[in-house]
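Structure record follows, encoded as structure tokens.
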Amino acid sequence: MHTPSHFLLLLTIFSLIKVAVSEEGICSMPPSIINSDSDSKPLYWKVTNPTLSPSHLQDLPGFTRSVYKRDHALITPESQVFSPLPEWTETLGAYLIAPAIGSNFVMYLAKMQGNSKSGLPPSDVERFIFVVQGAVTLANVSGISHELIVDSYAYLPPNFQHSLKCDASATLVVFERRYASLEKYVTEQIVSSTNKQPLLETPGEIFELRKLLPTSLPYDFNIHIMDFQPGEFLNVKEVHYNEHGLLLLEGQGIYRLGDSWYPVEAGDVIWMAPFVPQWYAALGKTRTRYLLYKDVNRDPL
Ligand SMILES: *[C@@H]1O[C@H](CO)[C@@H](O)[C@H](O)[C@H]1NC(C)=O
């Protein structure tokens, strides 16, 4: 991501040259090359100066990298639509994955502003929250509260009274689903952070894996944190009955979904339906880290 700053530097140099040149009264450089306003660029300038940066592509009229297909979706930041979240105060939410797409869970971003407070999920619905910006205070009926900062998370069992409060601002990614109960098992409130979770074995693979929830039977989903260094990729080309909701937290690379190959970067969200062939390769110069919902521990019948 050095291009924008190099470009700015170039612009600054050009404008310094412009000042120097015009003060000397020499005008060897056409002003159109100096001016950043594309209206004043020479005819066909764009052909030899194409837009290469994804952040500029997002400004193209009608352009989006977002895709919605039967068995997968890519929802990029320019497509996210925020509106007030029901039951929450001073909070805007963007539902990114919802049962209308074919999923058994919802995934949304919640942007909490100053003096905001969460609402409760519907009855029998469990909730997982992960802080991507700012800080929130989680309190339960025992009056015990936790300060959750970036990279911290909490799991709230179904019908568990709790509140999230935010004094300044915070952005959360939230997963909720109707709990698939099993006789004799209950889940418990969990509060922790990614860096407290041990690295797990990934036989045949080189990426780093952490699981944010216990793998025991009471839990009907898990959240994986997967790290890839640039150039690393999944060895296995998975096809499985589980579905996924993914948020790219850092880095960039190529995600293969079915027969399509998508350049992706931090901020992108992916929905993977059961059985969609899936594969990832990390590119660029920095680590890729993504967060992944996966339904587990239940008989699919
Ligand atoms: C409230 O949170 C505290 C600290 O995490 C925990 O020990 C307690 O069991 C929770 N209360 C309930 C009712 O779960």
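Of note:
- Contacts under 6 angstrom Cβ, first residue in region 177-203 being under 20 Å from His224 (Cβ atoms), partner modelled with pLDDT of 95 or more and polar (S, T, N, Q), 6 or more apart: Arg177/Asn104; Ser193/Ser152
- Some residue of region 154-173 being closer than 15 Å to Thr194 by Cα and either loosely packed, with under 14 Cβ neighbours inside 10 Å or among the small types (Gly, Ala, Ser) (or both): yes
- Scanning region 69-91 for residues that are among the polar types (S, T, N, Q) and either touching a Leu at 6+ places or on another chain (Cβ under 7 Å) or closer than 24 Å to Leu257 by Cα (or both) returns Thr76, Ser79, Gln80, Ser83, Thr91.
- Taken together, the residues in region 258-269 that are assigned to a loop (DSSP other than H, G, I, E, B) and not charged (D, E, K, R) amount to 3.
- Within region 3-18, the presence of a residue that is hydroxyl-bearing (Ser, Thr, Tyr), surrounded by 13 or more Cβ atoms within 10 Å (Cβ to Cβ), at pLDDT 80 or above and farther than 28 Å from Gly245 by Cβ is excluded.
- Reported count of residues in region 140-197, each being part of a strand (DSSP E or B), of a type outside the set (Asp, Glu) and within 23 Å of the chain's Cα centre (by Cα), is 21.
To keep it simple, each residue is scored yes or no on (1) more than 16 Å from the ligand (Cβ to nearest atom); (2) at pLDDT 95 or above; (3) among the charged types (D, E, K, R).
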site	(1), (2), (3)
Thr171	yes, yes, no
Ser192	no, yes, no
Gly204	yes, no, no
His240	yes, yes, no
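- Among the residues listed as Val131, Val136, Val141, the single one being within 18 Å of Leu120 (Cα to Cα), of a type in the set (Val, Ile, Thr), in contact (Cβ under 8 Å) with a residue 40 or more places away in the chain and assigned by TED's automatic domain parsing to the domain that holds Tyr108: Val131
- Residue satisfying condition, being in contact with a Pro (Cβ under 7 Å, 6 or more places away or on another chain) and not acidic (Asp, Glu), within set Gly253, Gly245, Gly267: Gly267
- Checking each residue in region 123-161 for being out of contact with any strand residue (DSSP E or B) (no Cβ under 8 Å at 6 or more places or on another chain) and more than 12 Å from the ligand (Cβ to nearest atom) picks out only Ser123.
- Any hit, region 94-116, residues being buried (at least 20 other Cβ atoms within 10 Å of the Cβ), within 16 Å of the ligand (Cβ to nearest atom), at pLDDT 95 or above and over 27 Å from Arg65 (Cα atoms): no
- Some residue of region 176-183 being in contact with a strand residue (DSSP E or B) (Cβ under 6 Å, 6 or more places away or on another chain) and polar (S, T, N, Q): no
- Residues being over 20 Å from Ala73 (Cβ atoms) and not basic (Lys, Arg) - total across region 202-250: 29
To keep it simple, each residue is scored yes or no on (1) part of a loop (DSSP other than H, G, I, E, B); (2) assigned by TED's automatic domain parsing to the domain that holds Glu183; (3) surrounded by fewer than 21 Cβ atoms within 10 Å (Cβ to Cβ).
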position	(1), (2), (3)
Leu209	no, no, yes
Leu217	yes, no, yes
Asn235	yes, no, yes
Arg256	no, no, yes
Trp271	no, no, no
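- Residues (part of a loop (DSSP other than H, G, I, E, B) and under 21 Å from Ala266 (Cβ atoms)) located in region 219-233: Gln229, Pro230, Gly231, Glu232
The values are calculated or read from the model by the stated rules, or taken from the named source; none is laboratory data. In this text the structure is predicted, and so the values were computed from the model without any measurement. Note: ideal-geometry Cβ built from the backbone for every residue, glycine included; neighbour counts use all protein chains shown.
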